[in-house]
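Structure record follows, encoded as structure tokens.
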Amino acid sequence: MYPDLNGKTVIITGAATGIGKACALRFGQEKANVVINYHSEKQVKETDEMINEIKKSGGNAISVQGDVTKEDDIKQLIKKATEEFGSLHIMINNAGIENEVPSHELSLEDWNKVISTNLTGQFLGCREALDYFLNHDIQGAIINMSSVHEIIPWPHFVHYAASKGGIKLMTQTLALEYAPKKIRINSIAPGAINTPINAEKFADPKQREGVLKLIPMGYIGEPEEIAATAVWLASNQASYVTGLTLIADGGMTLYPGFQAGKG
Ligand code: NAI
């Protein structure tokens, strides 16, 4: 547990499912004020249940619909968070999408959709949070949800890999720019995690087996394991950490092909 997160306000984008949801529930356990951003009206039931769960665990929560690709929606998100809870301390840019297409067939529409959600959406979240922190003299923390694909090339997912590679240098650049203001900006690079984005792939035993072969620790990660890294990065325990990509991947980026002395 991280006592300094008690009473802090955190916005998490794309928080109705998967990693974002696990982060929201974990910040709730830390007794933070959690602003759950969700995308689709279909996610209202889920977010209502999350609000109840967070309140039961001692935190506080509201949900705010919004599309991270829209400037006005991100501005509204910050406005609603600060109106409700008085301030903002932590911004987690988590919303992301992917789709599999051989690169020579990838439409401009699909390219733009992934880049605008995964990269531009995270930029807008960073920009608006930074603007708020600077105007209110807050030494806040920003966490961007990257991926092992900020390092590992990924055929058929060129738009996704490009977006995550972009997040790496965006995070480092902003970290450098705002370090003098003591605003910390880091990212997390999850490996293969058990969330809806992977549901179809992991339901197919052959594909699941293929993924497991890439993970030296031998299991697919749980979203709670990523949430555990997010609360640490947001807390004072990480007070001297900025510009970091924290990799949480069961060893996926350790060149598993070289295991057992091969190569
Ligand atoms: P997910 O599909 O459960 O979560 C993505 C969330 O983003 C959904 O709730 C969706 O409604 C929301 N979203 C999509 N477009 C949006 C928009 N325009 N505005 C607001 N929200 C929007 O999948 P998961 O795994 O929880 O993904 C979360 C993040 O973690 C993503 O950035 C993803 O790239 C990243 N990640 C996931 C990995 C995994 O294996 N699950 C591995 C590496 C990174």
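You will find that of ASN118, ASN112, the residue that is touching a helix residue (DSSP H, G or I) at 6+ places or on another chain (Cβ under 7 Å) and either assigned to a helix (DSSP H, G or I) or of a type outside the set (Val, Ile, Thr) (or both) is ASN118 and no other. Taking every residue in the stretch 215-227 that is under 17 Å from SER147 (Cβ atoms) and pairing it with any residue that is among the polar types (S, T, N, Q) and part of a loop (DSSP other than H, G, I, E, B), at least 6 positions away or on another chain, the pairs with Cβ-Cβ distances below 8 Å are ILE220/ASN194; GLY221/ASN194; GLU222/ASN194; PRO223/ASN194; PRO223/THR195.
The number of residues in the stretch 70-125 being buried (at least 16 other Cβ atoms within 10 Å of the Cβ), within 14 Å of the ligand (Cβ to nearest atom) and more than 30 Å from ASP137 (Cα to Cα) comes to 4.
Any idea which residue in the stretch 134-162 is nearest to the chain's Cα centre (by Cα), counting only those that are farther than 28 Å from ASP110 by Cβ and not acidic (Asp, Glu)? The extreme case among them is ALA141. Can we say GLU98 is at pLDDT 95 or above and in a helix (DSSP H, G or I)? Taking the combined requirement at face value, the residue does not satisfy it.
Would you pick out the residues in the stretch 217-235 that are among the small types (Gly, Ala, Ser), closer than 29 Å to LEU130 by Cα and more than 14 Å from the ligand (Cβ to nearest atom)? Within the stretch 217-235, ALA228, ALA234, SER235 meet the criteria. On the stretch given as the stretch 135-148, residues that are buried (at least 19 other Cβ atoms within 10 Å of the Cβ), outside any loop (DSSP other than H, G, I, E, B) and either without any contact (Cβ under 8 Å) to a residue 24 or more places away in the chain or not β-branched (Val, Ile, Thr) (or both) total 3. Filtered by the rule that a residue be over 20 Å from ALA238 (Cα atoms), within 14 Å of the ligand (Cβ to nearest atom) and not in a helix (DSSP H, G or I), the stretch 181-216 gives GLY191, ALA192, ILE193, ASN194, THR195, LEU214, ILE215. In the stretch 63-73, is there at least one residue being under 24 Å from THR245 (Cα atoms), in contact with an Asp or Glu (Cβ under 9 Å, 6 or more places away or on another chain) and touching a residue at least 40 places away in the same chain (Cβ under 8 Å)? No, the stretch 63-73 contains no residue that is under 24 Å from THR245 (Cα atoms), in contact with an Asp or Glu (Cβ under 9 Å, 6 or more places away or on another chain) and touching a residue at least 40 places away in the same chain (Cβ under 8 Å).
I'd like the full set of residues that are more than 16 Å from the ligand (Cβ to nearest atom) and surrounded by 24 or more Cβ atoms within 10 Å (Cβ to Cβ), limited to the stretch 19-29.
GLY28
Residue pairs whose Cβ atoms lie under 6 Å apart, separated by 6 or more positions or on different chains, with the first residue in the stretch 30-45 and polar (S, T, N, Q) and the second more than 13 Å from the ligand (Cβ to nearest atom), are ASN33/THR9; ASN33/ASN60; ASN33/PHE85. Of all the listed residues (TYR160, TYR132, TYR178), the sole one being near the ligand (Cβ under 9 Å from one of its atoms), assigned to a helix (DSSP H, G or I) and of a type outside the set (A, V, I, L, M) is TYR160.
The values are calculated or read from the model by the stated rules, or taken from the named source; none is laboratory data. Predicted, not measured: the structure shown is a model, and the values here were computed from it. Quick reminder, even Gly has a Cβ in these numbers, built from the backbone with ideal geometry, and neighbours come from all protein chains shown.
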